[in-house]
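Asks: Mind having a look at this structure? Questions to follow.
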Amino acid sequence: MPDPLLSMRGISKAFPGVQALSEANLTLYRGEVHALMGENGAGKSTLIKTLTGVHQRDAGEVLFEGKPIKPAAPLEAEGLGISTVFQEVNLIPHLSVAENISLGRQRSRFGFMQWKEIRERAERALKRFDVEIDVTQEVCSYSVAIQQMVAIARAVDIDAKLLVLDEPTSSLDENEVEELFAVMRKLCAQGMGIVFITHFLDQVYSITDRITVLRNGQSIGEYETAKLPRIELISHMLGKPVDQLADTGSDGLSRSEAASQGEAWLEAKDLSKEGVMSSFDFEIRKGEAAGLAGLLGSGRTETAKLLFGILKSDTGETSMAGNSVGNPKSPRQAIARKIGFCSEDRKREGIIPNLSVRENIVLALQARKGFINTISRQEQNRIADKFIKRLRIKTPSRETPIRTLSGGNQQKALLARWLATDPDLIILDEPTRGIDIGARDEIEELIRELQKEGMAVLLISSELEEIERLCERVWVLRDRQFVGELSDEEISEKAIMSLIAHSDEMEGSDEAES
Amino acid sequence: MSLKISRKYVPLTATFVVFVVLFGIASLRYEGFASAAVVVELFSENAFLGICALGMTLVILSGGIDLSVGSVVGFTSTFVATMIMEYAWHPINAWAVALVLGTVFGAGMGCLIHFYKLPAFLVTLGGLFFARGMAYAVNRESLGINHDLYNGLASANIPLGGGLSLSLTASLFIAFFVLTFYIGRYTKFGRNVYAIGGDEDSALLMGLPVGRTKIGVYAFSGFCSAAAGIVMTLYTWSGNPLNGVALELDAIAVVVVGGTLLTGGVGFVAGTLLGVLIYGTIQQAIYFDGNLSSSLTSVAIGVLLLIFILLQKAIVSKGEEA
Ligand SMILES: Nc1ncnc2c1ncn2[C@@H]1O[C@H](COP(=O)(O)OP(=O)(O)OP(=O)(O)O)[C@@H](O)[C@H]1O
Ligand SMILES: [Mg+2]
């Protein structure tokens, strides 16, 4: 074996109330993609943060290219040749895409920063991933997926020896993941080492060479990907023997049987917003699970925002239980109508970082009740405890500030917030993004239970499997239009894919003929 | 729509429109207002406020605030006057030392803010009291400056043709504007200021030198305040520990009217220049009128400030909706 590029030995790190890492190890060679796997809260991000100087380790040693290092800040780590994409998208929202890619590395001529060069460099950097956007626009005007691509493009835009990607693919669609993998393969061929964190097992098996599994802050082992069956990987991650895992994984569960009946609970006709969504009709019944499928930028999130009143529709009308009620004007009104919306952008639209887990969970419920009619502390505790247990939110206590939770656990708390309001319709935008497989099944189970009690669910997901598993009806979107509807038995990954791709093929064949 | 301006430029455009409208109204009402001489006057009269406001712009862009500027102006003017008149220093030495003191003082506050994670509001409030106290410690009274250099500089104007000339204080203001504009737009330091004001945690994770930049911003503001204090001695030929009381509030107002978001990360140095000109126009108009009370300046600035805050609020919430 050659000398490792990176060797982390016996790394420990404690936070108040949690031992996030205890004697964790990670060894990485040049030219390999190395998966770091583990449940939510296992310590993956913390290990990365001790490597890159965001946190200082309590114990252990890190050798990079054979030399001991202890960066005091990400700036220093970058100087050593370690480039990182952190779990939450970290960009400056009101600066342009171009500037976000160049920040801190701009070149000057005669003391003047070259803005043209910055733009061109950004365009080039994004082109590697086949992303063509106006780089002069503010980064916050783009979707989370584009932001994620921008963050990755930024990380890859310097000559690094080690690239760390902490769940970079959580909101990317398949094509974009492929683009990313192509670039990763190329970088590896040039001798770069890559640490790759994800909860998507398919991705682990398609790109990584070796796997390190963490559990409760400890290294469970190091494996060669090709020699480790999936079920064993899951067993290592969850710490359960293989024969107890029958139910885990994607195929243990099937679509809800609690058939939705009766008339539409919510019906929207001819909603549209100029430049955002073309006109569409939508309806959902009590207890129904419907899905929105489509590529990124196809208008899935926009549809949800129109239904929830974050965006205001220019046209059309909405009725509830057959009565016309006017289009939703604001989220507040939507909440009053017992609609919940769990956003995909948890950092900007979701959690309130300094409030406790409990406060974050009861927030939406409290908002609906109004601030005079407060929920008793006892009741709050009961609700918080219920969801912490049910969704297995890993937190030292319910009073811990939510910002200190791991990414996946924050996501769970956000989901709990909306489930706690006991809505009649819940809109879930990429709800299982960044959530580990164990918890994912748990969440799907809970959704089904609530459905049986009459809650309607609108699921937006890039994972067609998930839609296929949960939904009784699926609308397929393309280019900000509804292009097809599938129900019950018609729903399959293949059918959805072909609807998404349909027009492209038509165009393609037209061209071929002419 | 070809006239559509990017959301980013809306506050700046609004500021510009306000300036043009105010100046237009004043020109229609008061004979002789619409003259180059009045425009030049706007720069001379408000040079010290302008220079402070430029430093303040970077501080606010970085997401902070600097309440100490007025006191540093007061301290600097007294210090310079006392050193020249009572200790017979050459003015150039006095200026150099004053600039160093101002910069070090700003950097010191920056260090407290960065290393001890203290709120900028409180640290610079402390700075406000400290610098004012030091001004009195140096000299309790107002002190006139009488020195050949000062006499010489009084006539050191840059001729603009047509019998007009730009005074030294006005030229200094313009020089500081160019410098700050350059820093804000063309240097890494300046762009890092925007990044930190936009999202400090992200800036840190992006590998930007957060600490260095923050300290630099307060040092620059201290430097600007000291320079403004020197400009004040050039303008009044004296130093007074009472100089620049509440100047920081004018400076903040001018920055916000100039379209810079008080929460940081969004704004333009050019906006601050316009803000200063608006402030000056109102003052000049009141002076031209002769019947209006000068307290109207405060009232007008107060109203403008509220309008701009509402405008920014509207833009921000519109942006969130889109
Ligand atoms: N800044 C912090 N303060 C206190 N506790 C923290 C902090 N950061 C992480 N933790 C705790 O450390 C543990 C490990 O968190 P970490 O973010 O490393 O998990 P992870 O493996 O990345 O999980 P995920 O898959 O959800 O991202 C968690 O229990 C978390 O609550
Ligand atoms: Mg993590």
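Asks: Please specify each residue of the stretch A:82-92 satisfying the condition of being at the interface with another protein chain (Cβ under 9 Å from one of its Cβ atoms) and at pLDDT 90 or above.
Replies: Within the stretch A:82-92, A:SER83, A:THR84, A:PHE86, A:LEU91, A:ILE92 meet the criteria.
Asks: Does A:MET8 satisfy the criteria of being within 15 Å of ligand 1 (Cβ to nearest atom), buried (at least 22 other Cβ atoms within 10 Å of the Cβ) and over 27 Å from the mean Cα position of the chain (by Cα)?
Replies: Taking the combined requirement at face value, the residue satisfies it.
Asks: Looking only at the stretch A:94-124, how many residues end up being farther than 22 Å from B:THR180 by Cβ and modelled with pLDDT of 90 or more?
Replies: The qualifying residues number 12.
Asks: Ok, one more. Only one of (1) among the hydrophobic types (A, V, I, L, M, F, W, C); (2) within 14 Å of another protein chain (Cβ to nearest Cβ); (3) within 26 Å of B:ALA270 (Cβ to Cβ) fails for B:VAL257. Which number is that?
Replies: (2)
Asks: Only helices (runs of 4 or more DSSP H) wholly contained in the stretch B:166-212 count here; list those with 2 or more residues that are within 15 Å of the chain's Cα centre (by Cα).
Replies: Fully inside the stretch B:166-212 and qualifying: B:168-186.
Asks: Does the stretch A:327-335 include one or more residues that are in contact with a strand residue (DSSP E or B) (Cβ under 8 Å, 6 or more places away or on another chain) and without any contact (Cβ under 8 Å) to a residue 24 or more places away in the chain?
Replies: yes
Conditions tested, residue by residue: (1) under 17 Å from A:ARG337 (Cβ atoms); (2) touching a Lys or Arg at 6+ places or on another chain (Cβ under 9 Å); (3) more than 16 Å from ligand 2 (Cβ to nearest atom).
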{"position": "A:LYS412", "(1), (2), (3)": "no, yes, no"}
{"position": "A:LEU415", "(1), (2), (3)": "no, no, yes"}
{"position": "A:ASP422", "(1), (2), (3)": "yes, yes, yes"}
{"position": "A:LEU425", "(1), (2), (3)": "yes, yes, yes"}
{"position": "A:THR432", "(1), (2), (3)": "no, yes, no"}
{"position": "A:GLY438", "(1), (2), (3)": "no, yes, no"}
{"position": "A:GLU442", "(1), (2), (3)": "no, yes, yes"}
{"position": "A:ILE447", "(1), (2), (3)": "no, no, yes"}
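Asks: Go through the stretch B:233-248 and give me each residue that's assigned to a loop (DSSP other than H, G, I, E, B) and crowded, with 24+ Cβ neighbours inside 10 Å.
Replies: Within the stretch B:233-248, B:PRO241, B:ASN243, B:GLY244 qualify.
Asks: Restricting attention to the stretch A:178-224, report how many residues are of a type in the set (Gly, Ala, Ser), under 26 Å from A:ARG154 (Cβ atoms) and over 22 Å from the mean Cα position of the chain (by Cα).
Replies: 3
Asks: Can you tell me which residue within the stretch B:181-202, out of those that are of a type in the set (A, V, I, L, M, F, W, C) and buried (at least 22 other Cβ atoms within 10 Å of the Cβ), is farthest from the other protein chains (Cβ to nearest Cβ)?
Replies: That would be B:VAL193.
Asks: A further question on this structure: With respect to the numbered conditions (1) in contact (Cβ under 8 Å) with a residue 40 or more places away in the chain; (2) more than 12 Å from every other protein chain (Cβ to nearest Cβ), which one is the sole condition not fulfilled by B:VAL178?
Replies: Of everything listed in (1) in contact (Cβ under 8 Å) with a residue 40 or more places away in the chain; (2) more than 12 Å from every other protein chain (Cβ to nearest Cβ), B:VAL178 misses just condition (1).
Asks: Which residue pairs have Cβ atoms closer than 9 Å, lie 6 or more positions apart in sequence or on different chains, and pair a first residue in the stretch A:405-425 that is within 23 Å of A:GLN333 (Cα to Cα) with a second residue that is within 8 Å of ligand 1 (Cβ to nearest atom) and modelled with pLDDT under 85?
Replies: As it stands, the answer is A:LEU415/A:ILE435, since those pairs meet every condition given.
Asks: I'd like the full set of residues that are of a type in the set (A, V, I, L, M, F, W, C), in a loop (DSSP other than H, G, I, E, B) and more than 7 Å from chain B (Cβ to nearest Cβ), limited to the stretch A:93-130.
Replies: Selection gives A:PHE110, A:PHE129.
Asks: In the stretch A:363-389, what count of residues is obtained for those that are at pLDDT below 85 and either closer than 30 Å to A:GLU167 by Cα or within 9 Å of ligand 1 (Cβ to nearest atom) (or both)?
Replies: Number of matching residues: 1.
The values are calculated or read from the model by the stated rules, or taken from the named source; none is laboratory data. Note that the structure is a prediction, hence the values are computed from the model and not measured. Note: ideal-geometry Cβ built from the backbone for every residue, glycine included; neighbour counts use all protein chains shown.
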